[in-house]
Structures are given as C-alpha cells and as structure tokens.
Amino acid sequence: MDHLERCAWFLRGTLVRAAVRRYLPWALVTCMLMGSVLKELSPLPESYLSNKRNVLNMYFVKVAWAWTFILLLPFIALTTYQLTGKPGLVLRRLTTLLVGTAIWYGCTTFFYKVEHYTGSCYGSPTLDGLRRELGSKQQCHGAGGFWHGFDISGHSFLLTFCALMIVEEMAVLHGVKTQRKQRLHAAITGLVIALGALTFLWVLMFLCTAVYFHDFAQKVFGTLFGLLGWYGTYGFWYLKAFSPGLPPQSSGFSSKRDNYKK
C-alpha cells in the first residue's frame, strides 16, 4: 500500500502542476514535428510498437476515449462532490464527458468523410490499377483493394485530446483533502494512479504515431484538431457561465477564470 501511496503522491505532484498544463500542448507539438522529421529523414527500424496489432494499440489506443471516459467519470464525480458537496455541480461537471464524446464522434466522423471524398481504390499498395467501380472504402477493402485518401491521423487527434483533458481534470487535486484511512482516499488514490499511467501511455503512443505512422500533413491536422478540441473547451467555453465549468479548486466555481490561469 505504501508503494501505491508514493506512486500517487508522485503523480499528484507532477500532473497537477500548472507548468504541465501550460507546456504539455507545446511538448506534444514538438514530439509530433520531431518524430515526423525523423520518420522522413532517418526512419527507425521496425519494432513491436511499429506493428499496428501490438497490444497497446489494439486494446488501449483504438479505444482511447473509452478508457479516458471510464476513468474520468468516477474521478470527476468523487473529487467534485468532495470539494463542493453539491450533486447538481457534480452532474454539471460530468457533462464535460458528454462534450468530449461529441468532440470525439464529430472529429472522427469528419476524418472518415475527408478520407472518403479524397480517396480512390487501387489494386495494390503501390497505387497501381485504379478501380473506379469501387466508390467506398468498405467496397474497396471487401474486394481486396487498397483505399488511398487523405487520412487525418485519428491517433494524433485522440491521444492529444485525451492527454490534455486528463491533465486539466487532475488540477482539481490541488484542493482535494482526504484522510488516509477513508474509502474516498483509497478510491481517489487508485484513480490518480490509473489516470497518471493512462496519460503517460497516451503520450508514449502519440510519439510512436509520430515516428512510425501517417504522413506529416495527416499528423499535423490530427494534432491540430486535438489541440482545438482541448483549447475550445478548457481554454474558452468552460470559462463561461453557461458551461460545464472548469474543475473546482475550492467550494465553488466563482473563480474559474483565475484558477485556469494559475
């Protein structure tokens, strides 16, 4: 148990820092740019992580929003109630997950349509043998063809958005005080460890995407959409009165704007 406490203490001290929230977006952009340059100029040798069917990609990244949603749901509920004691405010803050789901669904649907309308079906991966009769990705793959279009990186988008959202929500820990023997303390400690591990995993897999997959422009657009989803909510809309609001730092939401700037 002491090991878990120390791990949670380390993660709390790291991820709740204002500097992390301030510089993580720039760090992700830097990783994307440097990883993309490395992929183009000096590709890394094949590895387990360059295989799209690796365990981390198949069971975590492909369902990244589900993992983020499942862990943030109890975390937001417990920490908000502990700080405010108001069920109404808990429900209000939980709507951030509905907003996140809408952003995830809207962006991935848009990416699919872009790939569809910019793509064509070919008979081989070298883009030989255009097959005009197959007008959709599903038809193309069903006939053994290869669909080629502008495939905006969904991984770059989702990993950026999820990592930044988790870090924003963990800022609430500045004000959360619990007794070590309480069940609430154990629950929050477990969630802190899980969310911290998830954040590091999302950043790692974002870097893997940068160095192994997609074209440069596809990763730029994917990362940009992730940043816009984060900033449009936590940096703009959630500062307004009629919004889910930012994570509370005290017993209310009266100083949301100031809390965000800290």
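Quick notes on this structure:
Yes/no matrix, rows are residues, columns are (1) part of a helix (DSSP H, G or I); (2) under 15 Å from Phe225 (Cα atoms); (3) touching a Pro at 6+ places or on another chain (Cβ under 6 Å); (4) among the hydroxyl-bearing types (Ser, Thr, Tyr):
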residue	(1), (2), (3), (4)
Gly88	yes, no, no, no
Leu97	yes, no, no, no
Val114	yes, yes, no, no
Cys121	no, no, no, no
Pro125	no, no, no, no
Leu134	no, no, no, no
Gln139	yes, no, no, no
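- Test: residue in the stretch 183-202 that is among the charged types (D, E, K, R), over 23 Å from Tyr59 (Cβ atoms), outside any helix (DSSP H, G or I) and open to solvent by 10 Å² or more (accessible area, probe 1.4 Å): no
- If the condition is being farther than 22 Å from Gly226 by Cα and surrounded by 12 or more Cβ atoms within 10 Å (Cβ to Cβ), then the stretch 51-67 contributes Asn51, Asn54.
- Residue in the stretch 142-158 that is in a helix (DSSP H, G or I) and more than 13 Å from the chain's Cα centre (by Cα) present: yes
- Flag for Thr95 being touching a residue at least 12 places away in the same chain (Cβ under 8 Å) and open to solvent by 60 Å² or more (accessible area, probe 1.4 Å): no
- Residues in the stretch 68-84 that are touching a residue at least 12 places away in the same chain (Cβ under 8 Å) and open to solvent by 40 Å² or more (accessible area, probe 1.4 Å): Phe69, Leu73, Pro74, Leu78, Gln82.
- Residue match in the stretch 27-45 (condition: among the basic types (Lys, Arg) and out of contact with any helix residue (DSSP H, G or I) (no Cβ under 8 Å at 6 or more places or on another chain)): no
- Test: residue in the stretch 166-176 that is out of contact with any His (no Cβ under 9 Å at 6 or more places or on another chain), among the acidic types (Asp, Glu) and open to solvent by 30 Å² or more (accessible area, probe 1.4 Å): no
- Count - residues of the stretch 110-121 that are open to solvent by 40 Å² or more (accessible area, probe 1.4 Å) and either closer than 26 Å to Val167 by Cβ or touching a residue at least 60 places away in the same chain (Cβ under 8 Å) (or both): 1
- Boolean, Leu11 is at pLDDT below 95, assigned to a helix (DSSP H, G or I), in contact with a Pro (Cβ under 6 Å, 6 or more places away or on another chain) and of a type outside the set (Gly, Ala, Ser): no
- Scanning the stretch 29-71 for residues that are among the hydrophobic types (A, V, I, L, M, F, W, C), under 16 Å from Ile166 (Cα atoms) and part of a helix (DSSP H, G or I) yields Val61, Val63, Ala64, Trp65, Ala66, Trp67, Phe69, Ile70, Leu71.
- Residue in the stretch 15-28 that is modelled with the lowest pLDDT, counting only those that are part of a helix (DSSP H, G or I), open to solvent by less than 40 Å² (accessible area, probe 1.4 Å) and within 14 Å of Ala163 (Cα to Cα): Leu15
- Among the residues making up the stretch 1-14, a single one is aromatic (Phe, Trp, Tyr) and either surrounded by 13 or more Cβ atoms within 10 Å (Cβ to Cβ) or in contact (Cβ under 8 Å) with a residue 12 or more places away in the chain (or both): Phe10.
- Residue satisfying all of: in the stretch 203-245; of a type in the set (Phe, Trp, Tyr), surrounded by fewer than 18 Cβ atoms within 10 Å (Cβ to Cβ) and not in a helix (DSSP H, G or I); modelled with the lowest pLDDT among these: Phe242
- Checking Ser153, Ser124 one by one, the residue that is in contact with a His (Cβ under 6 Å, 6 or more places away or on another chain), farther than 17 Å from Gly196 by Cα and either open to solvent by 10 Å² or more (accessible area, probe 1.4 Å) or modelled with pLDDT of 95 or more (or both) is Ser153 and no other.
The values are calculated or read from the model by the stated rules, or taken from the named source; none is laboratory data. The shown structure was predicted, so the numbers you read here are calculated from the model rather than taken from an experiment. A quick note on method: Cβ atoms are made from the backbone with ideal geometry, for glycine too, and the neighbour counts reach across all protein chains shown. With ligands, DNA and RNA removed, areas are computed over all heavy atoms of the protein, side chains included. Shrake-Rupley method; radii C 1.70, N 1.55, O 1.52, S 1.80 Å.
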